[in-house]
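Please read the structure below before turning to the comments.
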Amino acid sequence: MKILPNRFKAALSQRTPVIGSWIMTGSANAAEAMSWSGLDFIVVDMEHTDASIGDVVAVMRAIAESGTEVVVRPPSSDPILIRRLLDAGARTLMVPFVETVEQAESIVSACRYPPKGNRGFALMHRGSRYAQTEDYVSAVEDNICIIAQIETQQGIDNTDGIAGVEGIDALFYGPGDLSCVVDQLGDTSGDKVRSLIRHEADRCRDLGIASGTLVPDLDSIDWARDVGFDFISVSNDYGMIMRMSKEIVARMQRPLAPAAD
């Protein structure tokens, strides 16, 4: 058995734009249903949810046949957690709050076996298909994709250095945290936030590194495409559920039109 190529990483390297969404519920069933819609990737969020490694594995199993790639956002850059996620089969990580070159280098090191890094070695795990992937050790690092999430002014100031770290494949700009940078907390679609995000996307293009963002709804997709992001995540499972639920309630609260005679 040979290792399967990481389609998400390949798309980024070729600058082929991809579209995805977010799983906040940790539900494998929700992820499975969403994956069959044709999404290129689904982010499983462990930072702002109660999702466990077990939940991440369940999602990976659920959508394995669909062709949708799983992107895992761990709650931090903790190298022990990163190693556990890799052993569990994760191969695209979106690491939050990357602020320095040293932090980026530490994340890359946690994803690589010695002598290139300090990932602990074991072969009997899900990532290697329980030691049945014969080229796992030689090929796995070529298929690990690392996205550094830039969320603070310090991260923005150090972007050139972070982008230059070998093994960092892309930078991600979340409008929520960046709204703090421009002192407009929560105004994720405001002019100041979008101006900053556009500036950073242009900067990534000049640096030759892929970039991505998330948008809350369909109306924002064209803006993100116009900016030129390489990967765009739209809404999340909670957001979709709440939006439709509110629309149903609003429709039911409308007065009925008078019946025609």
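For this structure, a couple of remarks:
- Qualifying residue in the stretch 215-234 (condition: among the aliphatic types (A, V, I, L, M) and over 30 Å from Ser37 (Cα atoms)): no
- Subset of the stretch 133-186 (residues that are among the charged types (D, E, K, R) and open to solvent by 20 Å² or more (accessible area, probe 1.4 Å)): Glu134, Asp135, Glu141, Asp142, Asp157, Asp160, Glu166, Asp169, Asp177, Asp183
- Counting only helices (runs of 4 or more DSSP H) that fall entirely inside the stretch 105-200 and contain at least 1 residues that are of a type outside the set (A, V, I, L, M, F, W, C) and over 20 Å from the mean Cα position of the chain (by Cα), the qualifying elements are 136-139, 153-157, 159-163.
- Residue within the stretch 182-191 that is modelled with pLDDT under 95, aliphatic (A, V, I, L, M), farther than 26 Å from Ala64 by Cα and out of contact with any strand residue (DSSP E or B) (no Cβ under 7 Å at 6 or more places or on another chain) present: yes
- If you go through the stretch 200-221 and pick out every residue that is out of contact with any Ser or Thr (no Cβ under 8 Å at 6 or more places or on another chain) and either open to solvent by less than 60 Å² (accessible area, probe 1.4 Å) or modelled with pLDDT of 95 or more (or both), you end up with 6.
- Boolean, Ile232 is hydrophobic (A, V, I, L, M, F, W, C), open to solvent by less than 100 Å² (accessible area, probe 1.4 Å), on the phi < 0 side of the Ramachandran plot and not in a helix (DSSP H, G or I): yes
The values are calculated or read from the model by the stated rules, or taken from the named source; none is laboratory data. Computed from a predicted model, the values in this text were never measured in an experiment. Quick reminder, even Gly has a Cβ in these numbers, built from the backbone with ideal geometry, and neighbours come from all protein chains shown. Just the protein is used for accessible areas: all its heavy atoms, side chains included, with ligands, DNA and RNA removed. Shrake-Rupley method; radii C 1.70, N 1.55, O 1.52, S 1.80 Å.
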